[in-house]
Amino acid sequence: METSELIIIGSGPAGLTAAIYAARANLSPLVIEGLGAGGQLMNTTEVENYPGFPEGVQGPELMELFKKQAERFGARFVAGDATRVDLSSRPFKVWTDETELQAKAVIVATGASPRTLGIKGEQEYAGHGVSYCATCDGFFFRGQEIVVVGGGDTAIEEALFLARFGSRVSVIHRRDELRASKIMADRALAHDKLEMVWDSVVEEVLGDGTKVTGIKVRNVKTDEITERPCGGFFVAIGHVPNTALFEGMLAMDGQRYLLVSGGSGTEIEGVFVAGDVHDHTYRQAITAAGAGCKAAIDSERWLEQQAD
């Protein structure tokens, strides 16, 4: 069986940037794309904050450009998900549904998935008014009514950020007080553009077939259902890192994000980490790409040392 120099698991901005750098270093990396090939940007219609695209770019188009650039330098791609890994000895082993693969080094760039509400209309209007990232999409809703779902620090941070753009931001929370830290909660409650909708859940996202026009809200105490108009609907109930594959192998924090030490390395020599699978703070395409670059350089240097 052929042993590759490097396997990259994941094909979002982190994985594909790692592939570009590793391929240019003549490592001929093998990228396992995953069923969610392209990462979270595949669900983003317009990306306006990625450098080099002054007119903006469609999320899927941006990821296609990343992939073409990696292929140009010799990166190879395997469709489908990694279903199992063995990092206990080198060469490392990674399985897909189709085959078993081996490599001297591995970069884990499996990303994270936003928690969803699972309500009617949410998936249909994802990228067309439904968003999971205020810093990515807030600008598009300038002067519009915006709704945020959640009650933790993330939701309040998103709501305060969105208040710069929206005419009003409604925060819908199923309890009658916020879970956010006191300083964040106080800031939100004092903000003249933020309205708290307590004891409530969103039952459905409404739209006109092309974009979000409003939501249905149910009061959990009275069961009364009301409709609220909005242009932007932001779900801020957290993310889930895609780390189940590495349970018991790689160190994780309490939220199951992978831990790194010394750049992008893990406690297993030859295994590196990049992007949202580790980063729960920034979660941007540009920071994921930067992390992919670091992981590729770290893996290249580590592989060089093994050859000495």
In region 15-28, the residues that are assigned to a loop (DSSP other than H, G, I, E, B) and crowded, with 24+ Cβ neighbours inside 10 Å: L27
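Results for (1) within 17 Å of the chain's Cα centre (by Cα); (2) farther than 25 Å from Q123 by Cβ; (3) outside the structural domain of G34 (by TED's automatic domain parsing), shown as yes or no for each residue.
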residue	(1), (2), (3)
N219	no, no, yes
I225	no, no, yes
G270	no, yes, no
G275	yes, no, no
Qualifying positions in region 143-189 - of a type in the set (G, A, S) and under 13 Å from A236 (Cα atoms): G150, G151, G152, A155, A159, S170, A180
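So which residues in region 66-99 are in a helix (DSSP H, G or I) and surrounded by fewer than 14 Cβ atoms within 10 Å (Cβ to Cβ), if there are any at all? Working first, answer last.
From region 66-99, those in a helix (DSSP H, G or I) are 66-72; that's our starting set.
Hits for region 66-99 are K68, R72.
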Residue in region 288-302 that is among the β-branched types (V, I, T), touching a strand residue (DSSP E or B) at 6+ places or on another chain (Cβ under 8 Å) and either over 21 Å from K93 (Cβ atoms) or not assigned by TED's automatic domain parsing to the domain that holds Y50 (or both) present: no
Criterion violated by K216 - all others in (1) under 20 Å from A134 (Cβ atoms); (2) buried (at least 17 other Cβ atoms within 10 Å of the Cβ) satisfied: (1)
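Say we look at region 228-256 and pick out the residues that are part of a loop (DSSP other than H, G, I, E, B) and under 12 Å from the mean Cα position of the chain (by Cα); which of these is surrounded by the most Cβ atoms within 10 Å (Cβ to Cβ)?
Initially, region 228-256 is screened for residues part of a loop (DSSP other than H, G, I, E, B), giving 230-231, 236-238, 242-243, 247-251, 253-256.
Checking which are under 12 Å from the mean Cα position of the chain (by Cα) leaves us with 238, 242.
On the way: G238: 15, N242: 23.
For region 228-256, the residue satisfying everything is N242.
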Residues satisfying the stated conditions in region 49-63, i.e. without any contact (Cβ under 8 Å) to a residue 24 or more places away in the chain and not in a loop (DSSP other than H, G, I, E, B): V57, P60, E61
Close pairs from region 101-127: first closer than 16 Å to G238 by Cβ, partner among the hydroxyl-bearing types (S, T, Y), Cβ under 9 Å, at least 6 apart: A112/T243; A112/Y257; P114/Y132; R115/Y132; T116/Y132; E122/T116
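Based on this model, can you work out whether V197 counts as surrounded by 17 or more Cβ atoms within 10 Å (Cβ to Cβ), in the same structural domain as S131 (by TED's automatic domain parsing) and closer than 18 Å to S131 by Cβ? It would help to see each step written out before you state the result.
Numbers: surrounded by 17 or more Cβ atoms within 10 Å (Cβ to Cβ): yes; in the same structural domain as S131 (by TED's automatic domain parsing): yes; closer than 18 Å to S131 by Cβ: no.
Here the answer is no, as V197 does not meet what is asked.
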Residue check for V94: in contact (Cβ under 8 Å) with a residue 24 or more places away in the chain and of a type in the set (A, V, I, L, M): yes
Of the criteria (1) modelled with pLDDT of 95 or more; (2) surrounded by fewer than 17 Cβ atoms within 10 Å (Cβ to Cβ); (3) touching a strand residue (DSSP E or B) at 6+ places or on another chain (Cβ under 7 Å), which one V148 fails: (2)
S113 within 21 Å of L41 (Cα to Cα), of a type outside the set (A, V, I, L, M, F, W, C) and touching a helix residue (DSSP H, G or I) at 6+ places or on another chain (Cβ under 6 Å): no
Region 1-14, residues that are farther than 13 Å from R76 by Cβ and not in a strand (DSSP E or B): M1, G10, G12, P13, A14
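The values are calculated or read from the model by the stated rules, or taken from the named source; none is laboratory data. No experiment lies behind these values; they were computed from the predicted model shown. Note that each Cβ is placed from the backbone with ideal geometry, even for glycine, and that neighbours are counted across all protein chains shown.
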